[in-house]
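> Next up is a structure, given as structure tokens.
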């Protein structure tokens with residue numbers, strides 16, 4: 001065994017063996033879902049802790065998971081106050097404190113004593129709190145690995161490094177120079193600085209980024225000599241996030257790399273594709289778990305279909321991608337491989353999903369469907385997805401057949417009955433219930449919004465005629481369009497591409 005260097009020992013003592021404060025950055029509308037995911041993850045990787053996620057028992061209306069502010073909860077959810085589960089610890093019941101507007105929801109302690117039998121660092125997930133912009137929690141570096149691998153709603157996971165007050169550049173440079181950067185940045189890594197300031201004397205973000213770069217590079221040059229010269233030959237990028245507010249600066253390092261909505265699957269996408277984190281949030285609000293078929297009726301690049309297949313097969317959202325923490329000095333490949341190996345053991349055989357509750361990806365655009373099919377072919381774990389070139393308005397769910405060998409999707413009106421019988425001539429039953437998700441064209445995808453009312457009117461008529469007994473989710477760019485949709489609707493507000501959109505959850 002190679003003897004550890006003094007730096008490696010210090011990294012293990014100061015980074016690996018300690019807990020740190022992390023921040024899960026979330027798009028507006030997804031913070032409460034992220035909170036619930038983190039609470040569930042604490043239980044998932046530490047079975048000795050009390051069960052913290054029992055939404056289906058405590059909160060049967062899952063659409064409230066996407067509400068970050070009580071004023072946003074629609075009237076159909078009134079009276080459902082038990083949105084965040086209590087945390088049972090011993091004989092005590094710890095009820096999370098909820099401030100007005102649910103901007104600060106805190107669990108005092110989830111688990112801070114369990115240590116893995118493999119001698120790994122403690123699994124903490126303490127002090128989980130909803131704050132503006134996302135959810136904070138305390139945990140180990142290993143918990144950070146798990147958060148990136150398993151959480152479906154956040155955009156990125158940051159690790160807090162330092163927090164200090166600086167009213168001038170001299171103080172800023174001094175404080176930055178006191179941080180032990182060799183514990184966080186590996187020699188040869190390229191660094192990108194992202195700065196935001198508000199109500200601070202140091203308001204010029206570019207100037208702050210320039211000073212930070214100068215200080216950090218000088219520090220590392222002093223610590224590791226000519227290692228900076230290797231950067232032009234080395235791969236990898238590390239983001240350092242600097243946020244200043246009221247002269248208080250917080251320094252964070254990005255553990256995710258590319259935004260987490262990029263699951264590492266798609267190579268080609270259409271115009272304005274729906275982010276996977278948004279798709280995950282809407283599927284969660286519907287209560288989708290993979291037990292029933294799902295139709296992505298206007299699939300485009302297939303965000304809903306891919307997320308649904310991953311949920312149905314119990315594939316972690318980050319299973320197929322790389323992360324920035326893999327470039328950290330404290331990163332241990334053995335710990336990471338062990339975590340992914342355990343995740344793989346829990347993946348459900350896609351054959352059983354295909355025969356029980358397949359996912360249909362439907363679109364009229366053959367090019368987009370070919371892109372999606374290529375993704376499915378590249379990742380056999382996603383083979384429960386069946387692509388269909390058809391207009392949603394021609395689909396007849398009762399003629400979409402699940403056979404013992406897979407799926408017969410001869411489902412459009414006027415296409416005949418071929419494929420609807422088994423080899424012995426017995427007709428299989430069609431789809432009588434399930435989930436249907438629709439992301440109709442709007443904005444860049446439609447160009448001219450002059451006929452958008454007619455599109456939503458047609459959707460409403462189609463859902464009412466052919467999808468009775470189904471649960472539907474329809475994305476609407478304007479709340480006035482809700483009048484075209486049938487039934488009682490739970491409305492959740494989300495943001496996508498800088499636009500406020502809504503998802504109407506409808507029990508037909």
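> Has region 205-221 got any residue that is modelled with pLDDT of 95 or more, in contact with a strand residue (DSSP E or B) (Cβ under 8 Å, 6 or more places away or on another chain) and exposed (fewer than 13 other Cβ atoms within 10 Å of the Cβ)?
Within region 205-221 (the criterion being modelled with pLDDT of 95 or more, in contact with a strand residue (DSSP E or B) (Cβ under 8 Å, 6 or more places away or on another chain) and exposed (fewer than 13 other Cβ atoms within 10 Å of the Cβ)), the answer is yes, since at least one residue qualifies.
> Across region 16-68, what is the total count of residues that are over 19 Å from residue 275 (Cβ atoms), assigned to a loop (DSSP other than H, G, I, E, B) and modelled with pLDDT of 75 or more?
3
> Another question, then. Can you name the residue in region 480-507 that is surrounded by fewer than 17 Cβ atoms within 10 Å (Cβ to Cβ) and modelled with pLDDT of 90 or more and is also nearest to the chain's Cα centre (by Cα) among such residues?
Once the filter is applied, the top-ranked residue is 507.
> Within the bounds of region 350-360, is there any residue that is at pLDDT 95 or above, in a helix (DSSP H, G or I) and under 22 Å from the mean Cα position of the chain (by Cα)?
No, the conditions are met nowhere in region 350-360.
> Within region 262-283, track down each residue that is under 25 Å from residue 506 (Cβ atoms) and out of contact with any strand residue (DSSP E or B) (no Cβ under 9 Å at 6 or more places or on another chain). Write out each step before concluding.
Filtering region 262-283 for residues under 25 Å from residue 506 (Cβ atoms) gives 272-283.
Answer for region 262-283, where residues must be under 25 Å from residue 506 (Cβ atoms) and out of contact with any strand residue (DSSP E or B) (no Cβ under 9 Å at 6 or more places or on another chain): 273, 276, 277, 280.
> Quick check on residue 309: is it within 21 Å of the chain's Cα centre (by Cα) and not in a loop (DSSP other than H, G, I, E, B)?
The answer is yes for residue 309.
> Working carefully through the options 281, 300, find the one that is assigned by TED's automatic domain parsing to the domain that holds residue 396, touching a residue at least 12 places away in the same chain (Cβ under 8 Å) and either closer than 13 Å to residue 435 by Cα or assigned to a loop (DSSP other than H, G, I, E, B) (or both).
None of the other options fit; the residue is 300.
> Which of the residues that make up region 1-34 are over 22 Å from residue 184 (Cβ atoms) and touching a strand residue (DSSP E or B) at 6+ places or on another chain (Cβ under 6 Å)?
Across region 1-34, the qualifying residues are 26, 27, 28, 29, 31, 34.
The values are calculated or read from the model by the stated rules, or taken from the named source; none is laboratory data. Source: prediction; values computed, not measured. Reconstructed Cβ throughout: ideal geometry from the backbone, glycine too, with neighbour counts over all protein chains shown.
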